[in-house]
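> Quick one: the structure is below, questions incoming.
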Amino acid sequence: MTRKKPIARRHHYISQSYLARFTDNDTKKGKFFVSEVDTVHVFQTTPSKVAVIYDFNRIDIDGCPSDIAEKAFSQLESDAKNAISNIVITKKFPNDEDYNTIVNLICLFKVRHPATRQMFNNAREQAIHKIGDILVSDEKLFNHHFQKMKEENKKIKDSISFKKFKSFV
């Protein structure tokens, strides 16, 4: 009987393999010092205990494991670990493939950071509020877009009225 691999729940927004490069023995089990900028707290720990949030990259889609994104990220992180190792070993500027992989890792760190995610969420929320405000500014406008969505076969309840939508907004 084959054992099912457990779902990853501890999601690092900065990969452990990258953080390992800064430890005392260049491994994930090695130790390094962390300085929290906000609290000015300094402590020593391992890569597994920092830059981690439970279910941070969780995706709930029917038929897909909830850690599908986390597993996809791990492939890039593994490739980047090898690319960085190539630079350390050869002491030369990376080839095009390694360079591209490292740039992609840096971009992943940026877009996966909690502050960036919050910024994107805030922008999306503002856009939704503005669209809602526009739709409830005129009943004809609302009806036009509501009818258009029904024609495009969107799953929309007929019971949604302008008044209900306006009170919701």
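> Across the range 132-142, what is the number of residues that are farther than 13 Å from Phe168 by Cα and either assigned to a helix (DSSP H, G or I) or open to solvent by 100 Å² or more (accessible area, probe 1.4 Å) (or both)?
5
> So which residues in the range 91-120 are in contact with a helix residue (DSSP H, G or I) (Cβ under 6 Å, 6 or more places away or on another chain) and part of a loop (DSSP other than H, G, I, E, B), if there are any at all?
Pro94
> Which count do you get for residues in the range 59-96 that are surrounded by 11 or more Cβ atoms within 10 Å (Cβ to Cβ) and more than 22 Å from Lys28 (Cβ to Cβ)?
7
> Now, a different point. Of Val34, Val40, Val111, which residue is more than 22 Å from the chain's Cα centre (by Cα), of a type in the set (A, V, I, L, M) and exposed (fewer than 15 other Cβ atoms within 10 Å of the Cβ)?
Testing whether each residue is more than 22 Å from the chain's Cα centre (by Cα), of a type in the set (A, V, I, L, M) and exposed (fewer than 15 other Cβ atoms within 10 Å of the Cβ) leaves just Val40.
> Follow-up. Evaluate the following for Pro65: is it closer than 19 Å to Pro6 by Cα and in contact (Cβ under 8 Å) with a residue 24 or more places away in the chain?
In short, yes.
> Then there is this: Considering every residue within the range 76-90, establish whether at least one is in contact (Cβ under 8 Å) with a residue 12 or more places away in the chain, among the hydroxyl-bearing types (Ser, Thr, Tyr) and part of a helix (DSSP H, G or I).
yes
> Somewhere in the range 141-156, is a residue closer than 30 Å to Arg9 by Cα and not polar (S, T, N, Q)?
The answer is no; no qualifying residue exists.
> Next question. Out of all the residues in the range 43-58, which are under 24 Å from Ile84 (Cβ atoms) and either of a type outside the set (Phe, Trp, Tyr) or open to solvent by 60 Å² or more (accessible area, probe 1.4 Å) (or both)?
Within the range 43-58, Gln44, Thr45, Thr46, Pro47, Ser48, Lys49, Val50, Ala51, Val52, Ile53, Asn57 qualify.
> Here's a follow-up. Can you find, within the range 1-52, the residue that is nearest to Thr116 (Cα to Cα) among those that are in a loop (DSSP other than H, G, I, E, B) and in contact with a His (Cβ under 9 Å, 6 or more places away or on another chain)?
The qualifying residue nearest to Thr116 (Cα to Cα) is Tyr13.
> Now for a separate question. For Asn25, all conditions in the list (1) surrounded by 14 or more Cβ atoms within 10 Å (Cβ to Cβ); (2) closer than 27 Å to Ile89 by Cβ hold save one; what is the number of the exception?
Asn25 satisfies all of (1) surrounded by 14 or more Cβ atoms within 10 Å (Cβ to Cβ); (2) closer than 27 Å to Ile89 by Cβ except (1).
> Any idea which residue in the range 144-169 is most open to solvent (accessible area, probe 1.4 Å), counting only those that are in a loop (DSSP other than H, G, I, E, B) and over 21 Å from Lys130 (Cβ atoms)?
Lys155
The values are calculated or read from the model by the stated rules, or taken from the named source; none is laboratory data. Remember, it's a predicted structure, so these values are computed and weren't measured experimentally. Note that we place each Cβ from the backbone using ideal geometry, even for glycine, and neighbour counts take in every protein chain shown. Side chains included, ligands, DNA and RNA excluded: accessible areas come from the protein's heavy atoms. Shrake-Rupley method; radii C 1.70, N 1.55, O 1.52, S 1.80 Å.
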